[in-house]
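One structure below.
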Amino acid sequence: MSRASGRFTVLHLSDVHATESGLLYGAVNGLEQLERVGAYARATGITPEAVIVTGDLIQRGNAGAYAAVDVACRELEAAVGAPVFTVLGNHDSPVHARALRHHNLNHYGVHFVDGYRIIRLDSHAGRLDATQLDWLGETLASPSPRGTIIALHHPPLGSPMPVLSKQGLADASALLDVLEGSDTRAILAGHFHHVLTASVHKIPVFVGPSLAYHQIMNAGPAAVAGHAAPMFSLVQFTDTDVSASTIALTAPEPLFTQPISRVP
Ligand SMILES: [Fe+2]
């Protein structure tokens, strides 16, 4: 799709939670999920222009997994034919994540793909510091031909789940102040392990689902729980619009399948 249809497609992945060895919660292999996304995209004919992974690349305490995450990202890049950009989440280790490509100097940075400016921000601490916000303001001072896509782990708003309602970016208003009047087309985030679509200060926000486990939305007012439902998103831009679609890597058996006649 993508270039042929005039849509700039971002394969949006999040919350991989890779482990050094063994399975997360006895069931989840984050590295394998990255491989499955590549296979899914190839089988389905999805040809993104960029892949963005919005944090929690590893499960906390599994810093030894970064080398394998880096390999998996390079393999995914080769599988889909598009660059892979990563940001850090609260589970990530800013020290050990320097093993990742694009992370050797800073955990934030700017990249250009087909006229779109992709800005990676580092919110592993739950907030963005003044140094990073100053850098962001300077970077946004001149517009990019087709606008800017902001990628960070913590969404600049809370989740509708009461237990996660205060788990968004701590200094969201400071970020939104810097973005005010800029050419930002969308903010891509993760962290909640459930999809959330919003408009904040008139900027579209797409919180992607997790590749590791999906939030169970009725776990109660004082608990979180997850189930094995790995998903990712396609965020597609035209010169004027943006949309996002969620895709599940696993699905129940179909209730029905029937041919449809094409509408002229
Ligand atoms: Fe996570």
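No value in this document is a laboratory result; all are computed from the given coordinates. Computed from a predicted structure; not experimentally measured. Ideal geometry is used to build each Cβ from the backbone, glycine not excepted, and the neighbour counts take in all protein chains shown.
Worth pointing out:
- Top positive-direction residue, dipole computed over the chain with Cβ charges, set L100, L152, N29: N29
- Charge dipole magnitude, Cβ of K and R +1, D and E -1 - the stretch 15-136, Cα centre, debye nearest 20: 40 debye
- Computed from the Cβ-Cβ distance with R0 of 41 Å, the FRET efficiency linking V224 to S142 stands at 0.50.
- Take every pair of alpha-carbon atoms less than 8 Å apart whose residues are at least six positions apart; their mean separation over the length of the chain yields a relative contact order of 19 percent.
- Residue-span extension gain [R74 to E35] - 0.36 nm each, minus C-alpha spacing: 13.0 nm
- About its Cα centre, the stretch 2-248 has a charge dipole of approximately 320 debye under the convention of +1 per Lys or Arg Cβ and -1 per Asp or Glu Cβ, with nothing else charged.
- Cα gyration tensor shape for the stretch 2-248, rounded if a/c is under 1.5, else prolate or oblate: rounded
- The distance linking the stretch 33-97 with the stretch 140-202 is 21 Å (Cα centroid to Cα centroid, whole angstrom).
- Top positive-direction residue, dipole computed over the chain with Cβ charges, set A228, A174, H111: A228
- A cut-off under 15 angstrom between Cβ atoms defines the neighbours of R98, and their net charge, with Lys, Arg +1 and Asp, Glu -1, is -1.
- The stretch 1-158 - percent relative contact order, Cα under 8 Å, separation 6 or more: 21 percent
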